[in-house]
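Written out below as structure tokens is the structure these notes cover.
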Amino acid sequence: ATPLDLMDYVMDKLDVVLLMSVNPGFGGQKFIPGTLAKARLARAKLDAYEKESGRRIRLEVDGGVNVANIGEIARAGVDAFVAGSAVFGAGRDSDSNHYDTIIASLRQPAPGTQGGRMKFKSVTFDLDGTLLDTVGDLAVACRQMLNELDLPARREDEIRSFVGQGMV
């Protein structure tokens, strides 16, 4: 775990601070509760820097984020969330885009936050350790995420060409 004081020396070069909230390596892990305290400390540093410089740096957590804990994580000052298994493991055939219900649930306002739907500024697909049966499953997930962001849809062949190139 990298100490937060190391970012003091590079704050002017940061756009996002990513806190791992699981032990890296495989999907489906539980959120590490100690990440909340680290997130609060990081948010305090980032807010102080924003007040001084006028430049906002996003705070993101990766791992273990789900409907039950996203509100508490948001209240700790996190404004970007990486969810893999929580999304891909909750698809419903009854949803028109397979993931409508889980995305809507994750976006619900959390008590003690700024209210309104959570706004996604970016989408991170965490496929490391997440099992998708087919590229078609990935295409469905991508289309749903793009739709939520009001971005143009991608065809399955476009998505297939990006797989393995680090871009979706």
For segment 73-92, does any single residue satisfy the condition of being touching a Ser or Thr at 6+ places or on another chain (Cβ under 7 Å), closer than 30 Å to Arg155 by Cα and assigned to a helix (DSSP H, G or I)?
-> yes
Could you tell me whether segment 46-53 includes any residue that is open to solvent by 50 Å² or more (accessible area, probe 1.4 Å), at pLDDT 90 or above, farther than 14 Å from Asp79 by Cα and in contact with a Lys or Arg (Cβ under 7 Å, 6 or more places away or on another chain)?
-> yes
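Residues checked against (1) within 14 Å of Gln29 (Cα to Cα); (2) buried (at least 17 other Cβ atoms within 10 Å of the Cβ); (3) out of contact with any Leu (no Cβ under 6 Å at 6 or more places or on another chain); (4) touching a residue at least 24 places away in the same chain (Cβ under 8 Å):
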| residue | (1), (2), (3), (4) |
| --- | --- |
| Gly64 | yes, yes, yes, yes |
| Asn69 | yes, yes, yes, yes |
| Ala76 | no, yes, no, yes |
| Phe81 | no, yes, yes, yes |
| Ser85 | yes, yes, yes, yes |
| Gly89 | yes, no, yes, yes |
| Asp93 | no, no, yes, no |
| Ser96 | no, no, yes, no |
| Tyr99 | no, yes, yes, yes |
If we scan segment 117-133, do we find a residue that is loosely packed, with under 15 Cβ neighbours inside 10 Å, more than 17 Å from the chain's Cα centre (by Cα), modelled with pLDDT of 70 or more and not polar (S, T, N, Q)?
-> no
All-but-one check, Gly27 against (1) modelled with pLDDT of 90 or more; (2) surrounded by 11 or more Cβ atoms within 10 Å (Cβ to Cβ), failing number (1)
Could you say which residue among Leu6, Leu18 is over 20 Å from Leu146 (Cα atoms), outside any loop (DSSP other than H, G, I, E, B) and without any contact (Cβ under 8 Å) to a residue 12 or more places away in the chain?
-> Leu6
Among Val10, Val16, which is the only one that is over 17 Å from the mean Cα position of the chain (by Cα), on the phi < 0 side of the Ramachandran plot, exposed (fewer than 14 other Cβ atoms within 10 Å of the Cβ) and β-branched (Val, Ile, Thr)?
-> Val10
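The values are calculated or read from the model by the stated rules, or taken from the named source; none is laboratory data. Quick caveat, the model's predicted, so the values are computed rather than measured. Backbone-built Cβ (ideal geometry, glycine too); neighbour counts: all protein chains shown. Accessible surface is based on the protein model in full, side chains and every heavy atom, while ligands, DNA and RNA are left aside. Shrake-Rupley method; radii C 1.70, N 1.55, O 1.52, S 1.80 Å.
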